[in-house]
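The values are calculated or read from the model by the stated rules, or taken from the named source; none is laboratory data. This is a predicted model, so every value here is computed, not measured. Every residue, glycine as well, gets a Cβ built from its backbone with ideal geometry; the counts of neighbours run over all protein chains shown.
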Amino acid sequence: MEHTLHSDYELGCQLPLEQWAWLNRTGAFEDPSLRPYVAQFPPLHLIENVSGLRSEQDFASHGVDLYAAVSMISPKPLTEYRNILDFGCGCGRLSRMFKGHPHELSGCDIDKRHIEWVSKNIDFMTASVSSIHPPLPYSNDQFDCVISISVFSHLNEKSQDEFLADLCRISQPGAYLFVSVHGENAMQRAAHEKPIREMIAVEEAPFQVAQQRLMEGGHAFILQRGHLTTTPEPRTRFPFFRKKRERLIQGAFEYGITFIPLSYIQSHWSRWFEIVDFRPGAIHNFQDLVVLSPKKAGGSVPAR
């Protein structure tokens, strides 16, 4: 492609998408003089924590993919939104791509390590630590755009409903929300592709239950015992076999892998939102993207 002048790179995400994607995915790594035009990269241990990736370039490429997927499904250019929230921002995989955004950008995450790094290194975003339960630290009707990547794909149904209601509260009438989920496409790939199955790391019995639940049009949640799950493990006669995990969050919280079909989104999420669009496999031919708009007028919030 024909590259633009260095002075134009200062526009950041206001550049045409193709040029901004090239700069972040390729240009900043091939030409060190272009590095200042992209956002800083978190340390590798944070990159791996949020994505499983082990290099800055792979992390950058993932961020480009996320930004491009949301850009292509958005009813208007992302630079036209006046107040954007990256809900579950992690250490900035997507947020980095908003360098040069002409309006307000906020991000929140339950992991304090992520927010501490973002607050010091991504100066174009206001970052906040959020709780495992609502309310989020934002006012009613604050945002005209909310993006949530790889959050609802890991919540149990109770947490899902709590956060859907609160995202409705903080969204302006007419706002758009872009939410990724694991749907039928992800389930099929997990069932038939060994690398995908190894990536989600679930045992056969709960996976089969989840498959059946998805086929029935329900919310299929598989609990995982990772660094975010804080609910007690089943008791055993051998306490020394129980995993000892670093406590990163306070309170009882379940984290896992969640699969939900479009029919569930249409029947269940419609309590709070209009379903504007749905793109299966929009992210890496794995996660689906749902576009929502809150069912509210003049700041009113639907009853839960």
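Looking at this structure, is Pro173 touching a residue at least 24 places away in the same chain (Cβ under 8 Å), within 23 Å of Arg271 (Cα to Cα) and in contact with a helix residue (DSSP H, G or I) (Cβ under 8 Å, 6 or more places away or on another chain)? No: the conditions fail for Pro173. Of all the residues in the range 276-295, those that are closer than 17 Å to Gln160 by Cα and within 18 Å of the chain's Cα centre (by Cα) number 7. Taken across the range 200-208, residues that are touching a Gly at 6+ places or on another chain (Cβ under 8 Å) and either part of a helix (DSSP H, G or I) or among the charged types (D, E, K, R) (or both) do not occur at all.
For (1) touching a residue at least 12 places away in the same chain (Cβ under 8 Å); (2) within 24 Å of Val291 (Cα to Cα), each residue gets a yes or a no:
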residue: Ala21; (1), (2): yes, yes
residue: Phe29; (1), (2): yes, no
residue: His45; (1), (2): no, no
residue: Ser55; (1), (2): no, no
residue: Asp58; (1), (2): no, no
residue: Ile84; (1), (2): yes, yes
residue: Gly90; (1), (2): yes, yes
residue: Leu94; (1), (2): yes, yes
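Looking only at residues in the range 66-85 that are of a type in the set (S, T, N, Q) and out of contact with any Leu (no Cβ under 9 Å at 6 or more places or on another chain), which one is nearest to Trp22 (Cα to Cα)?
Step one: of the range 66-85, the residues of a type in the set (S, T, N, Q) are 71, 74, 79, 83.
So of that shortlist, the ones also out of contact with any Leu (no Cβ under 9 Å at 6 or more places or on another chain) come out as 74, 79.
Details: Ser74: 20, Thr79: 18 Å.
The extreme case among them is Thr79.
Count of the range 49-70 residues, restricted to those that are assigned to a helix (DSSP H, G or I) and modelled with pLDDT of 95 or more, is 15.
Quick one: would you say Leu155 is assigned to a loop (DSSP other than H, G, I, E, B), among the aliphatic types (A, V, I, L, M) and touching a helix residue (DSSP H, G or I) at 6+ places or on another chain (Cβ under 8 Å)? Considered against the rule, which asks whether it is assigned to a loop (DSSP other than H, G, I, E, B), among the aliphatic types (A, V, I, L, M) and touching a helix residue (DSSP H, G or I) at 6+ places or on another chain (Cβ under 8 Å), Leu155 comes out as yes.
The rows are residues; the columns are (1) of a type in the set (Ser, Thr, Tyr); (2) at pLDDT 95 or above; (3) touching a Cys at 6+ places or on another chain (Cβ under 7 Å); (4) closer than 28 Å to Ile196 by Cβ.
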{"residue": "Arg237", "(1), (2), (3), (4)": "no, no, no, no"}
{"residue": "Arg247", "(1), (2), (3), (4)": "no, no, no, no"}
{"residue": "Pro280", "(1), (2), (3), (4)": "no, yes, no, yes"}
{"residue": "Val291", "(1), (2), (3), (4)": "no, yes, no, yes"}
{"residue": "Pro302", "(1), (2), (3), (4)": "no, no, yes, no"}
